[in-house]
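Have a look at the structure below, then the notes.
The values are calculated or read from the model by the stated rules, or taken from the named source; none is laboratory data. Keep in mind that what you see is a predicted model, and the values were worked out from it rather than measured. So basically every Cβ, Gly included, is an ideal-geometry build from the backbone, and we count neighbours across all protein chains shown.
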Amino acid sequence: MTLDATPPPGENSPFLVRTGKAGLYADWMRQRWDKYVVNYSLRMQADAVAGGWSAFRHTGRAIRLPDGFGFSRGTLRAAAFPAIAALVLFLVYRMRKGKSDGLPAGGADRLPPPYARLARRLERAGYRPAPGIPMEGMLSAAARSSPRLSGDAGRFLALYHRDRFGPWPLSPGERGEAFRLAGWLRRAVRPPGAR
């Protein structure tokens, strides 16, 4: 069954009732921050450069300098070259920094190391991610094949969902518990059918 998790709009929206208009604006700003700062991928950067270059070319064609203004078109192009070169160097720096930080391709946000190690272990053990809910799908399958994991898997998933998708970060104690559970589950996971 496919469900749409988008809250209903209007005055009856549970999100609006809970947070008020200030919460809506804060949520919008958080989404913009995630899109244009946290997840600003190389592809988005390339699209921005292509759009900027296109606008620059069209602007150059539209602007006609009056005679005696003091700058020739060649001079303006020569002045624009260092700015474009600096932008390209910045994009190359960002791309290399992203690779050295271990960011996944496409600019997706990266999992904290304990979660990422657990996800890799689940995949190596033969639990393939389900569309839309990779960690939950893999861990639920692992818990079904090894019932002793079910209690800790349930507690971990509750903390994981709050940490990754909740409106507020976990407390340091809860985050430490989530990381400890992730480590224990990683060590305890067995391939399907193994005892």
Report summary line: Of the residues in segment 10-50 that are at pLDDT below 80 and loosely packed, with under 10 Cβ neighbours inside 10 Å, the one that is nearest to Ala85 (Cα to Cα) is Val37
Requested in this report: Please state which one of Val49, Val17 is in the same structural domain as Phe81 (by TED's automatic domain parsing) and of a type in the set (Val, Ile, Thr).
Outcome: Val49
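Of the residues that sit in segment 119-133 and are surrounded by 16 or more Cβ atoms within 10 Å (Cβ to Cβ) and over 11 Å from Pro192 (Cα atoms), which one is nearest to the chain's Cα centre (by Cα)? Can you show your working first?
Going residue by residue through segment 119-133, those that are surrounded by 16 or more Cβ atoms within 10 Å (Cβ to Cβ) are 119, 121-122, 125-127.
Now restrict to residues that are over 11 Å from Pro192 (Cα atoms): 119, 121.
Working: Ala119: 17, Arg121: 22 Å.
Looking at the filtered set, the residue picked out is Ala119.
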Query - Conditions (1) at pLDDT 75 or above; (2) assigned to a loop (DSSP other than H, G, I, E, B); (3) of a type outside the set (Lys, Arg); number of the one not met by Gly68 - result: (1)
Query raised in the report: Applying the selection to segment 140-195, what residues are under 23 Å from the mean Cα position of the chain (by Cα) and aromatic (Phe, Trp, Tyr)?
Result: Phe156, Tyr160, Phe165, Trp168, Phe179
**Report entry** Cβ-Cβ under 8 Å pairs, at least 6 apart or on other chains, segment 73-91 side among the charged types (D, E, K, R), far side modelled with pLDDT under 75 and surrounded by 10 or more Cβ atoms within 10 Å (Cβ to Cβ)
**Finding:** Arg73/Gly60; Arg73/Leu65
